[in-house]
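What follows is calculated from the coordinates using simple rules that are stated; it is not laboratory data. It should be emphasised that the depicted structure is a prediction, and the values quoted were computed from it without experimental measurement. Neighbour counts are summed over all protein chains in view; Cβ atoms, including those assigned to glycine, are modelled from backbone coordinates with ideal geometry.
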Amino acid sequence: MRPPTPRSPRRRVPHGRLATAATAVVLALAMAAPASSDTAERSRSYEVTGPRTAAQRTAVAATGASVDAVRPGSVVITADAAQAERVRRMGYAVRVLPGPPDRSDGRKATPFDFPPADAKYHNYKEAMAEVDANVAAHPSLMSKQVIGTSYEGRDIVAVKITNAAKKPPGTTAAKPEVLFTAHQHAREHLTVEMALYLLKEFGSQYGKDARVTKMVDERVIWVVPDVNPDGGEYDIATGSYRSWRKNRQPNAGSSARGTDPNRNWDHKWGCCGGSSGSPGSQTYRGTAPESAPEVKVVADFVRSRIVGGKQQIKAAIDFHTYSELVLWPFGWTSSDTAPGMTKDDRDAFATVGTSMAASNRYTPEQSSDLYITDGSIDDWLWGNQKIFAYTFEMYPGPSGGGGGFYPPDEVIDRETARNRDAVLQLLENADCMYRSIGKEAQYCR
Ligand code: 0X9
Ligand code: CA
Ligand code: ZN
């Protein structure tokens with residue numbers, strides 16, 4: 001296990017209750033700045049018609065665009081004009097799509113808050129208040145830890161949920177731990193609601209629902225509700241959505257900000273054409289693995305769960321939007337099996353993944369069936385930590401409609417509860433994922 005290393009000091013933007021005057025200035029600047037002010041070229045959403053294989057989609061992504069939805073003969077991408085032109089030159093039809101929806105209801109924006117029509121979404125401050133309220137309501141089941149801070153200095157928190165007085169019957173061993181993370185990508189706000197739903201459900205249904213009670217007794221559940229708070233706040237700062245994806249870290253020698261957290265993890269980082277080395281790219285991998293402070297914070301936290309040489313976290317879900325998918329590693333290779341992924345590993349991933357997908361009506365597949373990614377969280381959690389890590393892409397589906405990255409707040413309750421059974425399934429399988437393929441005796445002694 002690598003001990004946490006101190007980071008070099010970096011500029012911190014004051015926020016919250018720390019510096020009201022400075023915050024006002026920052027707010028004013030954020031309000032005044034157009035979405036494009038810090039990139040050479042403005043990013044927009046495009047539909048690209050033609051690509052129908054994973055290799056073709058990976059080639060589209062290699063321009064530096066993000067691939068946001070995969071359809072039978074087309075993809076939706078976020079790209080700047082130069083990237084879109086490169087896609088056009090590949091021979092594909094490229095059509096500009098409308099920007100993010102206007103949810104202002106004709107009212108004036110409140111800085112750093114969701115527009116009025118989406119008021120049920122939680123901004124960073126509201127999400128943290130919700131975390132504190134859940135912990136306060138169930139102090140014997142939940143506790144909060146600040147595991148580090150974002151580039152701009154916001155707390156990144158982990159909530160621990162377990163009844164410490166209980167254990168699986170007939171065991172003395174430590175409880176299996178399961179990790180749920182959300183909001184690596186700034187514009188994927190529904191994932192924060194997913195994490196808050198889990199806190200509410202595991203707190204309020206304890207002692208009422210048998211499956212919830214058993215899992216709170218027999219597992220340690222970790223919820224990190226906001227991995228990228230700076231990006232999330234930037235995305236809503238003006239009252240109209242900015243379709244921001246990355247974190248808000250500056251890049252030396254470039255006016256473009258941000259690293260894609262989900263290309264910055266330390267497993268085969270930058271290996272395979274599944275990320276970009278250009279700071280202007282939507283999938284910029286950063287200067288080194290874990291160069292994004294938010295990624296280092298979560299990776300250090302995961303490493304801190306190695307106790308007596310053993311990783312306590314056995315399974316994980318990282319929530320994203322959108323496309324309604326249950327994905328498993330590896331993303332860096334299109335092969336089902338690879339060094340570090342045996343046939344039995346793959347079969348356990350696929351069996352539990354397919355079963356979870358049957359319950360939420362998502363599509364189950366290996367992540368590289370979409371397009372190649374390198375440096376993604378699930379590849380690191382499995383490849384380096386042997387944690388059975390899934391990526392869920394939440395509502396809406398890929399085919400258009402539903403609002404893309406910005407579904408209206410009316411869907412929050414339905415689309416978070418939709419994953420209740422899948423989450424419970426993963427928790428129930430976490431003590432021995434190989435039981436799902438009938439190999440408990442071989443692997444889980
Ligand atoms: O590209 C991504 O990081 C994810 N899609 S998103 O639209 N939320 O940005 C998909 C990641 C799939 N690959 C792995 N999970 N490895
Ligand atoms: Ca609404
Ligand atoms: Zn995402």
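When the chain is treated as a Gaussian network with alpha carbon springs shorter than 10 Å, the biggest mean-square fluctuation among 418, 263, 245 belongs to 418. When 411, 224 are arranged by Cβ crowding within 10 Å, least crowded first, meaning fewest neighbours, the order is 411, 224.
When the Gaussian network model of the chain links Cα atoms closer than 10 Å, the mean-square fluctuations of 254, 281, 45 top out at 254.
As a proxy for reagent exposure, ranking 412, 377 by other Cβ atoms within 10 Å from fewest up yields 412, 377. The label point for residue 173 and the one for residue 306, both projected 7 Å from the Cα toward the Cβ, are 1.9 nm apart.
Our summary gives the stretch 116-444 a relative contact order of 19 percent, counting only alpha carbon pairs under 8 angstrom and 6 or more residues apart. Taking the chain as a Gaussian network, Cα atoms linked when under 10 Å apart, which of 258, 402, 232 shows the biggest mean-square fluctuation? Highest fluctuation of the listed residues: 402.
Per the Cα gyration tensor, the chain maps to an equivalent ellipsoid with semi-axes of 32, 26, 21 Å, ordered largest to smallest. For the residue pairs 144/166; 208/314; 160/246; 108/200, the alpha carbons lie more than 21 Å apart in 208/314; 160/246; 108/200. When the stretch 116-444 is described by a simple charge dipole with +1 on each Lys and Arg Cβ and -1 on each Asp and Glu Cβ, the residue from 356, 403, 298 located farthest towards its positive end is 298. Pairs of Cα atoms nearer than 8 Å and 6+ residues apart set the relative contact order; for the stretch 230-285 it is 27 percent.
Within the straight-line cut-off of under 19 Å between alpha carbons, the aspartates and glutamates reachable from residue 214 are 177, 201, 421, 428, 431, sequence neighbours fewer than 8 places apart in one chain being disregarded. Of the residues 311, 48, 78, the one whose Cα sits farthest towards the positive end of the charge dipole of the chain is 311 (charges of +1 on Lys and Arg Cβ, -1 on Asp and Glu Cβ, taken about the Cα centre).
Is the stretch 218-265 rounded, prolate or oblate when judged by the Cα gyration tensor, a ≥ b ≥ c being the square roots of its eigenvalues, rounded requiring a/c under 1.5 and prolate requiring a/b larger than b/c?
Numbers: a/c = 3.55, a/b = 1.56, b/c = 2.27.
Taking the square roots of the gyration eigenvalues as a ≥ b ≥ c, the stretch 218-265 is oblate.
The share of Cα pairs per 5 Å bin across the stretch 79-227, counted from zero up to the longest distance, runs 2, 8, 14, 16, 14, 12, 10, 8, 6, 5, 4, 2, 0 percent. Projecting the Cα atoms of 149, 124, 210 onto the dipole axis of the chain, where Lys and Arg carry +1 and Asp and Glu carry -1 at the beta carbon, places 149 farthest toward the positive end.
Roughly how many debye, to the nearest 20, is the charge dipole of the stretch 147-238 about its Cα centre, given +1 on each Lys and Arg Cβ, -1 on each Asp and Glu Cβ, and no other charges? Can you show the working numbers first?
Details: 11 positive and 13 negative charges, 142 e Å.
So the dipole magnitude of the stretch 147-238 works out to roughly 680 debye.
What you get for the chain, charging only the Cβ of Lys and Arg (+1) and of Asp and Glu (-1), is a dipole of about 720 debye around the Cα centre.
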